[in-house]
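Asks: Here it is: the structure, laid out below.
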Amino acid sequence: MANQPTADRSTADQPIATPVPAKDPRAITAYHAHVYYDPAKTRGRAERLRQRVAEQFPQAKLGRWHDERVGPHPQAMYQIAFAPEMLAEFVPWLMLNRDGLTVLLHPETGDNYTDHSAHAAWFGSVLPLRLNVFQRK
Ligand code: ZN
């Protein structure tokens, strides 16, 4: 598939003799968890998860429901934006409570393309993002 993200596209084409410098996680200003669902089949589970997040993590910012595909996202989803300080508490909670829904977790470093590909982690399945919506840096 042409739009399939590759695991490590940002570094895969670098010669071994000139490794890229290690990146500093302090460049991460926030995280997004994108919760994917099927409007016809799993919206109820997505609603329950959303409600639980709102109750237990009121400091997280819940994005709008996108029943239609938007940006690089190949399925319906909503976004949960949260501060780096929440990561250690929220991510394990999400792992245990995603209820079979696919989740994309990615940092925000200012490089959308890499944040959504090489920097990303998936829970459940890996979905083919439409990364061509982003400019490569
Ligand atoms: Zn995002």
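Asks: Between helix 87-97 and the chain, what is the angle of the helix's C-alpha long axis to the longest principal axis, kept within 0 to 90° and rounded to the nearest 10?
Replies: Tilt of helix 87-97: around 60 degrees.
Asks: Below 8 Å between Cα atoms, with a sequence gap of 6+, how large is the relative contact order for the chain in percent?
Replies: The normalised contact order for the chain reaches 34 percent.
Asks: Calculate the dipole size of the chain relative to its Cα centre from +1 charges on Lys and Arg beta carbons and -1 charges on Asp and Glu beta carbons; express the result in debye to the nearest 20.
Replies: Dipole magnitude for the chain comes out near 280 debye.
Asks: Stretch Asn132-Glu55 to full length: gain in nm at 0.36 nm per residue minus the Cα-Cα span?
Replies: 24.2 nm
Asks: Defining a contact as two alpha carbons under 8 Å apart and six or more residues distant in sequence, what relative contact order in percent does the range 19-77 show?
Replies: Relative contact order comes out at 33 percent.
Asks: How long are the semi-axes of the equivalent ellipsoid of the chain, defined as square roots of 5 times the Cα gyration tensor eigenvalues? Whole Å, largest first.
Replies: Taking √(5λ) for each Cα gyration eigenvalue gives 27, 18, 12 Å.
Asks: Per-residue HN-Hα couplings for the range 18-27, Karplus 6.51 cos²θ - 1.76 cosθ + 1.60 at θ = phi - 60°, whole Hz, x for Gly and Pro?
Replies: Working through the residues one at a time gives 10, x, 5, x, 4, 8, 9, x, 5, 6 Hz.
Asks: Anyone know which of Gly100, Gly71, Gly124 comes out most mobile in the 10 Å Cα GNM of the chain?
Replies: Sorting by GNM fluctuation, first place goes to Gly71.
Asks: Quickly estimate the mean residue ellipticity at 222 nm for the chain, helices only: each DSSP H run with n ≥ 4 gives -39500 (n - 2.57), and the total goes over all residues, rounded to 500.
Replies: -6500 deg cm²/dmol
Asks: While we're looking at this one, here's another question. Using a Gaussian network model of the chain whose springs link C-alpha atoms within less than 10 Å, name the residue from Val103, Val53, Val70 with the highest mean-square fluctuation.
Replies: Val70
All of the numbers you see were taken from the coordinates with simple rules; none came from a lab. Note that this is a predicted model, so its numbers are computed, not measured. Neighbour counts run over all protein chains shown; Cβ positions are idealised from the backbone, glycine included.
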